[in-house]
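Notes follow once the structure below has been shown.
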Amino acid sequence: MEAVAKDAGKRGALLVGVDEYETLTPLEYASSDVRKLRDALVEIGFPSDSIRTFVSDGRIRERPSRKRIWAALDEMLAASGPDSTVLVALSGHGFETKNRGAAFCPEDVEVETFGGRKVVNPETAILIEDVAERLRKDDAKFKLLIVDACREPASTEKGATAKARSFSPIPEAKGVAFLQSCETQEFSWERPELKGGVFTHYFAEGLRGAADSDGDGGVSFLDVCNYAASQTQRFVREKRDASQTPFYRFSGDKSGASKRRGAQV
């Protein structure tokens, strides 16, 4: 996978953290996750003006509405080229649509009832399949989609205790590296002692150099993925006596071969 090196080509990142919702239980650290990740990306060579952030505690124009997120994604992709690295990271709640599609929830998402279950209105959500498809069509050299949210609906109705971030299965997209914070039916935990989501904390730490296992001063995104996965598993097992298993998947454009791994500790 792409090396994390300061002499790489043009880079761009879109980072979204949603803590506050109109219809879902709030989270505590999604905005903090975005700031951690932004600082780490700047340290490894992403120009600060190439990183767009949308957070719940930001100014009005920085708040994570659906319209702002889509506009920023389209703008970033329009500016990319064949030598570019493009990164999209989403921290917050995920949910299903009535057709069982995976959707990330912006602050203005609407929840409805379908067949006796709570789902999101797809016209108010960020459909992960749509994000992956837009990335797939872009001609950037390396495209990475990171989602820090659970894979199974949890306590997501407004008023419930915010302990984990809910999500559902995601589609495969050729040419896009996908990094997910947990497996199906697992929670993606956030912890006060880390002041953030466990997975994003260790991913940012890995980018800053903790993933350099051989001490040569350089890491690849694969190194960072493996580091974040192993440290997340260890931390959640020790602190929650639970399982959280991050994994990454990459499907090449030409062969269509899919690589999918989860660290084993």
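Bear in mind that the values in this text are calculations on the coordinates, not laboratory data. The structure displayed is predicted, hence computed values, not measured ones. For neighbour counting, all protein chains shown are included, and Cβ atoms are generated from backbone atoms with ideal geometry for every residue, glycine included.
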inquiry  = For Cα pairs less than 8 Å apart in space and 6+ apart in sequence, what is the mean separation divided by the residue count of region 9-256, i.e. the relative contact order in percent?
reply    = 19 percent
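Of the peptides 25-34, 132-141, how do they stack up when ordered by the mean number of other Cβ atoms within 10 Å, highest first? All intermediate terms of the calculation are to be shown ahead of the outcome.
Numbers: 25-34: 23.5, 132-141: 17.8.
The peptides rank, most packed first, as 25-34, 132-141.
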ask   = Which trypsin sites (Lys or Arg not before Pro) does region 1-110 hold that lie in a coil by DSSP with at most 12 other beta carbons within 10 Å?
value = 6, 59, 100
note = Rounded to the nearest 5, the percent of DSSP beta bridges in region 9-256 running antiparallel is 45 percent
note = Packing-ranked peptide list from 90-96, 218-224, highest mean Cβ count within 10 angstrom first, is 90-96, 218-224
task = At 0.36 nm per residue, minus the direct Cα-Cα distance, what do residue 243 and residue 114 gain on full extension? Give it in nm, one decimal, please.
result = 43.4 nm
